[in-house]
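The values are calculated or read from the model by the stated rules, or taken from the named source; none is laboratory data. Note that the structure is a prediction, hence the values are computed from the model and not measured. So basically every Cβ, Gly included, is an ideal-geometry build from the backbone, and we count neighbours across all protein chains shown.
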Amino acid sequence: MIYVIIGNDVPDSLELRKNARPAHLARLQILQDEGRLLLAGPCPAVDANDPGLAGFTGSIIVAEFSNLNSAQSWANDDPYVKAGVYNQVTVKPFRKTFPG
């Protein structure tokens, strides 16, 4: 099943993100290599692809997991969680409708 993982950043998370980013991306690469990653990316704090020093407000990951517990466990082990980047992480089942 598909799950959406929404991580909300703590204020002024940019330096924390920079430090944990390589490990965070490595985990996402594994999902991609396994064919389970549908999309992933950060939410800029301003209306720009590169927010510069404004940083990010969170991230969204949409991926396949065997069940909700597996998705939640994967999210809990994310390097951004361990580094204190996120102050809240929500994991929900997701049903893709479009594009078909």
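So in segment 6-37, with the set limited to residues that are in contact (Cβ under 8 Å) with a residue 60 or more places away in the chain, in contact with a Phe, Trp or Tyr (Cβ under 8 Å, 6 or more places away or on another chain) and outside any helix (DSSP H, G or I), which one is surrounded by the fewest Cβ atoms within 10 Å (Cβ to Cβ)? Here the answer is 10. Scanning segment 61-100 for residues that are without any contact (Cβ under 8 Å) to a residue 40 or more places away in the chain and of a type in the set (Gly, Ala, Ser) turns up 70, 73, 100. Would you mind stating whether residue 59 is surrounded by 14 or more Cβ atoms within 10 Å (Cβ to Cβ), of a type in the set (Ser, Thr, Tyr) and either outside any loop (DSSP other than H, G, I, E, B) or modelled with pLDDT under 95 (or both)? Here the answer is yes, as residue 59 does meet what is asked.
Restricting attention to segment 43-56, which residues are touching a residue at least 24 places away in the same chain (Cβ under 8 Å) and either buried (at least 16 other Cβ atoms within 10 Å of the Cβ) or closer than 16 Å to residue 80 by Cα (or both)? Residues satisfying the conditions are 55, 56. Screening residue 48 with (1) part of a strand (DSSP E or B); (2) more than 18 Å from residue 4 (Cα to Cα); (3) not β-branched (Val, Ile, Thr) gives one miss only, at (1). Selection of segment 69-94 for residues being part of a helix (DSSP H, G or I) and either of a type in the set (S, T, N, Q) or closer than 16 Å to residue 31 by Cβ (or both) yields 69, 70, 71, 72, 73, 74, 75, 76, 79, 80, 81.
Just wondering, is there one or more residues in segment 42-51 that are on the phi > 0 side of the Ramachandran plot and either at pLDDT 95 or above or within 11 Å of the chain's Cα centre (by Cα) (or both)? No; the residues of segment 42-51 include none that is on the phi > 0 side of the Ramachandran plot and either at pLDDT 95 or above or within 11 Å of the chain's Cα centre (by Cα) (or both).
When segment 62-89 is limited to residues that are touching a strand residue (DSSP E or B) at 6+ places or on another chain (Cβ under 8 Å) and closer than 13 Å to residue 16 by Cβ, the one that is surrounded by the most Cβ atoms within 10 Å (Cβ to Cβ) turns out to be 85. Please verify whether residue 100 is assigned to a loop (DSSP other than H, G, I, E, B) and surrounded by fewer than 17 Cβ atoms within 10 Å (Cβ to Cβ), treating the condition exactly as stated. Yes; evaluated as a whole, the condition is true for this residue.
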